[in-house]
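Here's a structure for you.
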There are 2 protein chains.
Amino acid sequence: MHPKLQQLKSRLSEVDNLNEANAILSWDQMTFMPPGGADSRGRQTATLEKLAHEKFTDPEIGKLLEELQPVAKELPPDSADAALIRITTHDYEKALKIPSSFTAKFSEHNSKIYSVWAKARAERDFKLVAPLLEKTLDYSRELANFFPGYQHIADPLIDDLDEGMTVAIIQPLFQKLRAGLTPLVQQITSLPLTDDTCLHREFPEADQLSFGLKVAKKMGYDFNRGRQDKSPHPFTTSFSIGDVRITTRVKTNSLAESLFSTIHESGHALYEQGINPDFDGTSLATGASMSIHESQSRLWENLVGRSRNFWLYFYPQIQELFPNQLRNVSSEVFYRAINKVERSLIRTEADEVTYNLHVMIRFDLELEMLEGKLAVKDLPEAWNSRYFKDLGVIPTDDSVGVLQDMHWYSGTIGGYFQSYTLGNILSAQFLEAALKAVPSIPTEIAAGNLDPLHGWLREHIYQYGHQFTAQDIITRATGRPLDLEPYLKYIRNKFGEIYHLSLS
Amino acid sequence: MHPKLQQLKSRLSEVDNLNEANAILSWDQMTFMPPGGADSRGRQTATLEKLAHEKFTDPEIGKLLEELQPVAKELPPDSADAALIRITTHDYEKALKIPSSFTAKFSEHNSKIYSVWAKARAERDFKLVAPLLEKTLDYSRELANFFPGYQHIADPLIDDLDEGMTVAIIQPLFQKLRAGLTPLVQQITSLPLTDDTCLHREFPEADQLSFGLKVAKKMGYDFNRGRQDKSPHPFTTSFSIGDVRITTRVKTNSLAESLFSTIHESGHALYEQGINPDFDGTSLATGASMSIHESQSRLWENLVGRSRNFWLYFYPQIQELFPNQLRNVSSEVFYRAINKVERSLIRTEADEVTYNLHVMIRFDLELEMLEGKLAVKDLPEAWNSRYFKDLGVIPTDDSVGVLQDMHWYSGTIGGYFQSYTLGNILSAQFLEAALKAVPSIPTEIAAGNLDPLHGWLREHIYQYGHQFTAQDIITRATGRPLDLEPYLKYIRNKFGEIYHLSLS
């Protein structure tokens, strides 16, 4: 290896170790930390973040990167080393553009607004947090403006998690998606509501957890290199390729809550565990983008976990586990219950058909705020009227309206929500490619063998980690760039069949 | 505050945060980490250690300390700021004397010997680890020799955990202790063995854990600032004064194992939780010495937890929890069972009377090795013959002999074991002072009120953390320096009564 590359790797390794240590502290904070640990956890993570930032923005790294540019040109462009130099150069230049004084101020603001948001949500009163959210909007604009030359002010924020994505690409795509979904929602919601009472009996926590773990193991989640704990909000975190953890939350009166969160997070975890082990401890050991990551959690949760084939195998098992609760429930009734479509207020509880409408409302509103067309004080009204227009429901108060998601209250306004819907779109595109390559996947799933699908995903997506861009991953795996059609087709076919719709 | 002191504190705060973060990583490693995380955990902790060392030995800290010496002289000598400057100066000078190349080599050696030791212990074969232990002995001597001017080569190693203690102080003390204990052991072990079968029935894990937590809460362990988890070896760890955690291990066929480990670790935890909150995040937020720390765990475990008064209150409760297992067991039978004295092979399972004999064997042998009088290859024979001489038993193999404790196989030979016995001695001296000041403590304990004792300990020991030296803490709390008599008196009275001995 080139000695300069060796030097770069050794410096980056310290940064990665600090970031991984911080991920462990954060996992602990969400799972096991007693309340009294909160203050000290703040200063501990602040020190790790500060040192990671200092180490990464050290001018010596800039010098090494400069010296390595000609070296990179001689490396095979697809090679891991070339990718490492490319990604590090990109991240380094980005890091230099954001003054550390800004990061410190914004980070302090975010701790503050997060706790005020929690209070505002509990008191169902947006006005409590509105002044701080105005500052968040200022900070979000300020952050975007460190990257002049954008076409839309949201572009730099989006690029941070979904490199290469822009408002100009996303808006027409979302428009088409909305046009495809809206008539479907109208047709379905004019029908009588699906009965899902079978999911809302009493299901003991321990049994729910053990069934979730069984499914995760079947998916191929390696518990020698991972574990599941409980936390208020489910998440996946990776401390290394050898230690990828998920969390879940359990409601004993809901069979779907914990199970589908476990499948969702296990999808993220399969991705992280499936990365080439040679990348461990480097910036290649992560997903290609937030959208690609989300495509994997949603693929497993919905396209697999809410499919008939999946339950052909698992339904007898869950029925055996909960004999009283599911005694007279046919697998078809269960299948329809877990796929119940309804107009609703809460994004995280929304079904597959309406979910993206929730996301697109947020995406449109955050663009309007960033563009200066929507004032923060007018946000609840805009939110509520969009919910009425798109979903036919009006939040009874702000806690189930504009205050429901933590995103705007713990980071920038803009940059995150698009990834949920892009992930959904991609999940269908990836599955279509997998089915074309391995047509036996559905019958294997029906027989409880999830390995063929897992194997295809690992080979075409997971193993590469961040070695390729999201765009490259999509094209390599599916033969073409991001494409909405497979997703629309999937939704139409699945829900057209469930609800006996006649779709043109 | 003096601006230089402010600067020093701000630099030390980074070091403390790094060390605390590392403690969290280490806690996770011992409790929840999946096996696959081991390799990455190694590089993560190595980076945190390296950065903490770099930050602490930064010449800028040396310069600040130099400039602060005259400032310290103007501060009240008892003040926290004076203590901080004193301790930091001491630690800084010490850290500078140990080359970082040595630390790296020794740390690498320790990872290696630890895993070889685990294998040797499983295979019951000391010879497997002997060559590495010889290197440990070399490293231990090398480390001591970074501090020339010692009277005994073990002194610098002892000083590291028990500042101010030396072989010249400890040896005559241990001699007197051995002279006091030996006749007692001989008398008791000539009597029929106490029946402790009541402790070895089947006790479900969940019930054992809940009872342990109940006791810990009664002791005053604040679970808002702590928690208990399971680990192969019980330990206490502090991430801040607001987050002090313990672990335990449970054997369902032993009622004593988990319960007394919980009380022991809770004793450590009360100390850490009781430190003046103003010291949080500084080097004052720790115990005054290893011996003082151990005195608190042993005081709660033995002088309280194995006392008649304690069980006057708790026995009816544990009997109610385990009605079948303890149905016909009187509180007196239970009390004698938890205080059963016997010649045994394993230190950690030894009773109060023989425990210190185990420790003193180790202490003597490690001195002989450091002095060059005992070769590592001859250690098992020396161990076994000392066990026969002092305890009348001979290990059946090395796993229950010289391989039983991890200390020599994960750190220096020398410097640690003395603290266990010093802690025992101090536990009685502290309790005597507490009883003199608050004579109602025993009757309060018998009524289930442990607060008066906890309050006295917090006031006279815990709150000060590392503000005073161990010697100062002892003198302030008890009116005199370390004194063996209260401990000998306690052991003689307690076990003389239990075993109806006529003691001169």
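Each reported figure results from applying straightforward, stated rules to the coordinates on display, with no laboratory input. Given the structure is predicted, the values throughout are model-derived calculations rather than measurements. Neighbour counts run over all protein chains shown; Cβ positions are idealised from the backbone, glycine included.
When all alpha-carbon pairs of chain B are counted, what percent fall beyond 35 Å? Walk me through the numbers before you get to the answer.
Values: 43647 of 126756 pairs.
Here the long-distance tail beyond 35 Å is 34 percent of all Cα pairs in chain B.
Work out, step by step, the length gained on full extension between A:LYS217 and A:GLN463: first 0.36 nm times the residue separation, then minus their alpha carbon distance; give nm to one decimal. Present the calculation step by step, with values, prior to reporting the outcome.
Values: separation 246, 0.36 × 246 = 88.56 nm, distance 1.90 nm.
Taking A:LYS217 through A:GLN463 to full extension adds about 86.7 nm, to one decimal.
Please state, as a whole number in µm²/s, the translational diffusion coefficient that the Stokes-Einstein equation yields for region A:1-132 at 37 °C and 0.692 mPa s, with Rh defined as the Kirkwood radius across alpha carbon pairs.
Numbers: Rh = 17.5 Å.
Stokes-Einstein gives a translational diffusion coefficient of 188 µm²/s.
Then there's this: Where the centre of each part is set by its Cα atoms, how far does region A:228-249 sit from region B:383-435, in angstrom?
Taking the Cα centre of region B:383-435 as reference, the centre of region A:228-249 is 41 Å away.
With a 10 Å Cβ neighbour count serving as the proxy for reagent exposure, in which order, fewest first, do A:TYR315, A:TYR271 appear? Please list the in-between numbers first.
Working: A:TYR315 18, A:TYR271 27.
Result, fewest neighbours first: A:TYR315, A:TYR271.
Starting from the Cα of B:SER190, step 7 Å toward the Cβ, then list every residue of region B:304-342 with an amide N under 19 Å from that point.
Only B:341-342 pass the distance filter.
Which value, in debye to the nearest 20, gives the size of the charge dipole of the protein assembly as shown about its Cα centre, when Lys and Arg are +1 and Asp and Glu are -1 at the Cβ? If you can, show how the numbers build up before the last one.
On the way: 104 positive and 132 negative charges, 280 e Å.
In debye, rounded to 20, the protein assembly as shown gives about 1340.
Still on this structure, I have one more. May I ask you to report, in nm to one decimal and beginning with the shortest, the distances from A:THR103 to the same position in the other copies, taking label points 7 Å along Cα-to-Cβ?
Output for A:THR103: 2.5 nm, nearest copy listed first.
Over what distance in Å are the Cα centres of region A:332-375 and region B:290-305 separated?
When both Cα centres are located, 58 Å separates them.
If I model a spin label as a point 7 Å beyond the Cα along the Cα-Cβ vector, how far apart are those points for B:ASP229 and A:SER231 in nm?
1.3
Give the nm distances, rounded to one decimal, from A:GLU368 to the matching residue in every other copy, measuring between label points 7 Å along Cα toward the beta carbon; shortest first.
Label-point distances to the other copies, shortest first: 8.5 nm.
Round to the nearest 0.05 the FRET efficiency obtained for A:ASP138 and A:GLN6 when R0 = 41 Å and r is the Cβ-Cβ distance. Walk me through the numbers before you get to the answer.
Numbers: r = 43 Å, r/R0 = 1.05.
E between A:ASP138 and A:GLN6, to the nearest 0.05, is 0.45.
Note down the nm distance, to one decimal, between modelled labels 7 Å out along Cα→Cβ at B:HIS200 and at A:SER410.
Using points 7 Å along Cα→Cβ, the separation is 5.2 nm.
Which value at 222 nm does the protein assembly as shown reach when only helices count, each DSSP H run of 4 or more adding -39,500 (n - 2.57), with the total divided by all residues and rounded to the nearest 500 deg cm²/dmol?
Numbers: 40 runs with 616 residues, N = 1008.
That calculation yields -20000 deg cm²/dmol at 222 nm.
Determine which residues of region A:55-73 fall in the zone a paramagnetic label at B:GLU60 would reach in this model, i.e. backbone nitrogen under 19 Å from the point 7 Å along Cα→Cβ.
Residues A:55-61 qualify, since their backbone N sits under 19 Å from the label point.
If each label sits 7 angstrom from Cα along the C-beta direction, how far apart, in nm, is A:ASP78 from its counterparts in the other copies?
Label-point distances to the other copies, shortest first: 7.5 nm.
Sticking with this structure for a sec: For region A:3-97, what is the relative contact order in percent, using Cα pairs closer than 8 Å and at least 6 residues apart in sequence?
Numbers: 54 pairs, mean separation 32.0, N = 95.
Here the relative contact order equals 34 percent.
From the backbone phi of region B:336-352, what are the Karplus-calculated ³J(HN,Hα) couplings (6.51 cos²θ - 1.76 cosθ + 1.60, θ = phi - 60°) in whole Hz, Gly and Pro given as x?
Here the 3J(HN,Hα) series is 5, 5, 6, 10, 4, 9, 7, 5, 8, 9, 9, 4, 5, 9, 6, 6, 4 Hz.
PRE reach from A:THR103 (point 7 Å along Cα→Cβ): which of region A:28-69 fall under 13 Å by backbone N?
A:46-59
Now for a separate question. If R₀ is 51 angstrom, what is the calculated FRET efficiency for the pair B:GLU444 and B:LYS373, using the beta carbon separation as r and rounding to 0.05?
Numbers: r = 50 Å, r/R0 = 0.98.
After rounding, the FRET efficiency stands at 0.50.
On to the next question. For each of A:SER40, A:SER427, A:SER115, B:SER295, count neighbouring Cβ atoms within 10 Å of the residue's Cβ, then give the residues from fewest to most. Each step should come with its number before you reach the end.
Numbers: A:SER40 22, A:SER427 27, A:SER115 13, B:SER295 32.
In increasing order of surrounding Cβ atoms, one gets A:SER115, A:SER40, A:SER427, B:SER295.
Quick one: work out the % antiparallel among DSSP beta bridges in region A:131-264, nearest 5.
Values: 4 of 9 bridges.
Taking every DSSP beta bridge with both residues in region A:131-264, the antiparallel ones total about 45 percent.
Could you line up B:VAL333, A:VAL353 from fewest to most neighbouring Cβ atoms inside 10 Å? Each step should come with its number before you reach the end.
On the way: B:VAL333 15, A:VAL353 23.
Arranged by neighbour count, lowest to highest, B:VAL333, A:VAL353 become B:VAL333, A:VAL353.
Still on this structure, please answer the following. Past 22 Å, Cα to Cα: identify those pairs from A:LYS94/B:LYS9; B:LYS63/B:LYS94; B:LYS389/B:LYS494, in the order given. Write out the running numbers ahead of the final one.
Values: A:LYS94/B:LYS9 32 Å; B:LYS63/B:LYS94 15 Å; B:LYS389/B:LYS494 25 Å.
Over 22 Å apart, Cα to Cα: A:LYS94/B:LYS9; B:LYS389/B:LYS494.
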